[in-house]
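The values are calculated or read from the model by the stated rules, or taken from the named source; none is laboratory data. Not measured: the values here are computed from a predicted model. Glycine gets a Cβ as well: all are built from the backbone with ideal geometry, and neighbour counts include every protein chain shown. SASA here: full protein model, heavy atoms, side chains in, ligands and nucleic acids out. Shrake-Rupley method; radii C 1.70, N 1.55, O 1.52, S 1.80 Å.
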Amino acid sequence: MEHPENSEEYKGLTVNSGVVQPAIVNPYLSRFRKKRAQLLSAGEYAERIIKGDVSILSQAVTLVESVLPEHQALAQEVIEKCLPYSGNSVRIGISGVPGAGKSTSIDAFGVHLLENYGGKLAVLAIDPSSEKTKGSILGDKTRMEKLSVHPKSFIRPSPTAGSLGGVARKTRETIILCEAAGYDNIFVETVGVGQSETACHSMVDFFLLIQLAGTGDELQGIKRGIMEIADGIVINKADGSNIDKAQLAATHFRNALHLFPKPDSGVLPKVLCYSGFYEIGIDEVLKMIFDYIDEVKKNGYFQYRRNEQSKYWMYESINEHLRNDFYYNPTVKNMLGSLSEQVLDGHVTSFVAAKRLLDAYYEQIRRN
Ligand code: GDP
């Protein structure tokens with residue numbers, strides 16, 4: 001049977017042959033991209049960041065994360081200009097092992113915060129492993145469905161470059177830019193493995209540790225020394241049949257906390273149960289955080305901690321700079337491979353190898 005569209009009545013609908021198909025890729029894209037890549041001056045970046053221009057803020061963060069020396073120099077200038085406008089936010093670190101429910105919780109905490117406390121929220125991340133996973137572990141927008149479409153939120157995945165020190169420094173610099181752009185609350189998410197928690201702790205005013213009930217995590221937290229740096233511990237997934245287990249875990253944590261000396265802040269960490277997914281107990285967690293902030297602002301610890309952190313970051317920057325200068329030095333690079341082999345072969349001791357490398361490095365500096 002003939003297709004109905006082929007009858008006389010449908011003449012206007014017959015398929016025309018020979019229509020030129022448009023290119024799949026917009027031919028003007030390259031022109032468009034070139035335009036976008038044009039850099040502004042440091043003053044222009046800073047001015048527009050301070051006005052709260054989100055797209056310029058994003059571009060400036062990209063500069064902070066760039067490995068190109070000219071981008072880094074420009075980024076430092078922008079940061080310097082933004083510095084006087086920074087420091088006015090509450091910085092909250094959020095940590096937990098993968099699967100603890102960090103992104104679900106940040107989505108819930110974030111939306112609740114924006115809707116009930118007002119202001120603007122930036123979500124940043126420290127994930128040194130993200131180079132391998134292409135930044136998919138932390139800060140991925142799709143993982144925070146409600147927050148990522150909220151007009152008052154700014155979500156940025158973890159910088160992907162290199163060492164933990166480098167990644168953490170970039171996140172810290174991004175905090176400065178976000179504060180200059182008027183973000184009053186900043187969440188710094190970090191994965192609860194390795195040293196990234198310590199790095200996160202060194203840039204926040206409150207460090208929240210998300211734990212799960214019945215996973216043996218209670219002991220792990222204590223063993224890894226992470227409980228000492230937590231300003232609050234929360235047990236997630238306290239919903240359905242899990243409620244009793246969560247409450248029991250909370251009791252264990254409370255008991256364990258009593259074994260530690262009183263923290264420098266003077267405020268004993270609280271332990272709460274909540275459910276990020278079902279949004280139960282969210283306000284209590286936020287209240288715990290802001291009560292702590294009020295308390296430490298009153299007793300002077302807030303400023304003390306920020307001063308200590310500034311000092312720490314000064315030394316960290318020096319260390320990172322010296323380390324990079326050393327390892328990127330051409331003579332060192334040349335010698336490093338064969339010397340480390342000689343150490344492995346047992347021909348040279350580690351100390352002698354280190355001394356030879358350092359001597360060669362200083363010698364070259366002297367000659368330059
Ligand atoms: P992350 O790896 O720490 O960021 O964890 P996710 O937020 O991706 O959560 C891991 C899994 O736990 C997901 O399947 C979530 O749906 C689930 N989850 C997160 N929060 C809760 C909660 O409060 N209750 C329950 N039952 N499941 C949750």
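Our Cα-only numbers for the range 87-299 put the radius of gyration and Dmax at 16.0, 45 Å. Please work out whether the range 67-133 counts as rounded, prolate or oblate from its C-alpha gyration tensor, where a ≥ b ≥ c are the square roots of the eigenvalues and a/c under 1.5 means rounded, while otherwise a/b larger than b/c means prolate and anything else oblate? Verdict is oblate for the range 67-133. Shape class of the range 267-368 from the Cα gyration tensor (axes a ≥ b ≥ c, square roots of the eigenvalues): prolate, since a/c reaches 1.5 or more and a/b is larger than b/c. Across the range 148-159, computed HN-Hα scalar couplings (Karplus, 6.51 cos²θ - 1.76 cosθ + 1.60, θ = phi - 60°) run 5, 9, 6, x, 9, 10, 9, 10, 9, x, 4, x Hz from first to last residue, x flagging Gly and Pro. Sorting 281-291, 172-182 by their mean Cβ neighbour count within 10 Å, with the most densely packed peptide first, gives 172-182, 281-291.
Diffusion of the range 38-85 by Stokes-Einstein, at 25 °C in a medium of 0.890 mPa s and with Rh set to the Kirkwood radius over alpha-carbon pairs, works out to 237 µm²/s.
Report note on the peptides 325-335, 228-238: ranked by the mean count of other C-beta atoms within 10 Å, highest first, their order is 228-238, 325-335. Amide H contacts for Glu189 (H built 1.01 Å from N in the peptide plane; partners 5 or more residues away or on another chain; cut-off under 5 Å): Ile94, Leu124, Ala125, Ile126.
With all protein chains in place and ligands, DNA and RNA left out, the 1.4 Å accessible area ranks Ser340, Ser86 as Ser340, Ser86, largest first. Please list log₁₀ I(q)/I(0) at q = 0.21, 0.25 Å⁻¹ for the range 328-368, using the Debye equation with identical point scatterers on the alpha-carbon positions. Cα-only, vacuum Debye calculation for the range 328-368: -0.61, -0.79. Across the range 264-281, rounded Karplus estimates of 3J(HN,Hα) from the backbone phi angles (6.51 cos²θ - 1.76 cosθ + 1.60, θ = phi - 60°) give 4, 5, x, 10, 5, x, 9, 10, 10, 9, 7, 10, x, 5, 8, 6, 9, x Hz, Gly and Pro being marked x. Our coupling estimate for the range 295-304, obtained by passing each phi through the Karplus curve with A = 6.51, B = -1.76, C = 1.60 and θ = phi - 60°, is 4, 6, 5, 5, 8, x, 5, 4, 5, 4 Hz, Gly and Pro reported as x.
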